[in-house]
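Report on one structure; see the data block that follows.
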Amino acid sequence: MRVVIAEDNVVLAQGLVLLLREEGHEVAAVTTDGDSFIAAVAEHCPDVTVVDVRLPPTFRHEGIRAALEVRSRFPGQPVLVFSQYVEHSYARDLLRDGGGVGYLLKDRVARVDDFLRTLQHIASGGTVMDPEVLEQLMTRHDPVSTLTAREREVLELMAQGYANGEIALRLQVTERAIHKHVGNIFAKLDLPTEDSGHRRVLAVLAYLSR
């Protein structure tokens, strides 16, 4: 994969560069502000991008706003927001914009393999949300109070990009049971019963943004 990174923390940025290059990926550019990030995407046409939420000059939400601008200028451009912070309104705007997007919290990534799997999934058009991001969005809007504990577990794993079979293995139940849970989730949230890929997550986000 060809990757463009927007990260102002030099240590973290260089760590990402070393990690990706060791895995055989090309890091086309490392930028430290939103404008440079947008320009680098235009120049290098990356397979996926990694961007922090807070970048110079104000360190508020320049990064995620630049990600939204990239998605506007280059529809479908895969973007992984990789940050310590959850920017609720911008997160919903980004994640409901279509596939090839993700939002991970830096402090919650414990395994390199999981990070690389997520990046590859986003590059191939999938959608991945950190469970904590999803939890904060749900808490602010409280749309899932009618879900059972098991249905919430299934919803969180769906948001991380897992298919029904993978969820079944993780929860040690049958795939048929997971399919039933997914149907119950969408019925309770009054959402379409679409049951494939990132559209399941996008349907939840569409509900959250109402």
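Please verify whether THR31 is surrounded by 21 or more Cβ atoms within 10 Å (Cβ to Cβ), over 17 Å from the mean Cα position of the chain (by Cα), under 22 Å from MET1 (Cα atoms) and of a type in the set (S, T, N, Q), treating the condition exactly as stated. In short, yes.
Restricting attention to the range 63-118, the residues that are of a type in the set (Ser, Thr, Tyr) and buried (at least 18 other Cβ atoms within 10 Å of the Cβ) add up to 4.
Tell me whether the range 137-148 contains one or more residues that are charged (D, E, K, R), surrounded by fewer than 16 Cβ atoms within 10 Å (Cβ to Cβ) and at pLDDT below 75. Yes, because at least one residue in the range 137-148 is charged (D, E, K, R), surrounded by fewer than 16 Cβ atoms within 10 Å (Cβ to Cβ) and at pLDDT below 75. The lone criterion from (1) out of contact with any helix residue (DSSP H, G or I) (no Cβ under 7 Å at 6 or more places or on another chain); (2) at pLDDT below 95; (3) not in a helix (DSSP H, G or I) left unmet by ASP97 is number (1). Among the residues that make up the range 4-24, is at least one of them closer than 22 Å to GLN136 by Cβ, small (Gly, Ala, Ser) and surrounded by 21 or more Cβ atoms within 10 Å (Cβ to Cβ)? No, the range 4-24 contains no residue that is closer than 22 Å to GLN136 by Cβ, small (Gly, Ala, Ser) and surrounded by 21 or more Cβ atoms within 10 Å (Cβ to Cβ). Given the criteria in contact with a Phe, Trp or Tyr (Cβ under 7 Å, 6 or more places away or on another chain), within 20 Å of ASP8 (Cα to Cα) and either outside any helix (DSSP H, G or I) or at pLDDT 85 or above (or both), does VAL30 qualify? When the stated conditions are applied, VAL30 does not pass them.
Filtering ARG92, ARG65, ARG71, ARG117 for residues that are assigned to a helix (DSSP H, G or I), at pLDDT 85 or above and under 13 Å from the mean Cα position of the chain (by Cα) leaves a single hit, ARG117.
The values are calculated or read from the model by the stated rules, or taken from the named source; none is laboratory data. Because the structure is predicted, anything quoted here is derived from the model rather than measured. Cβ atoms come from the backbone with ideal geometry, glycine included; neighbour counts cover every protein chain shown.
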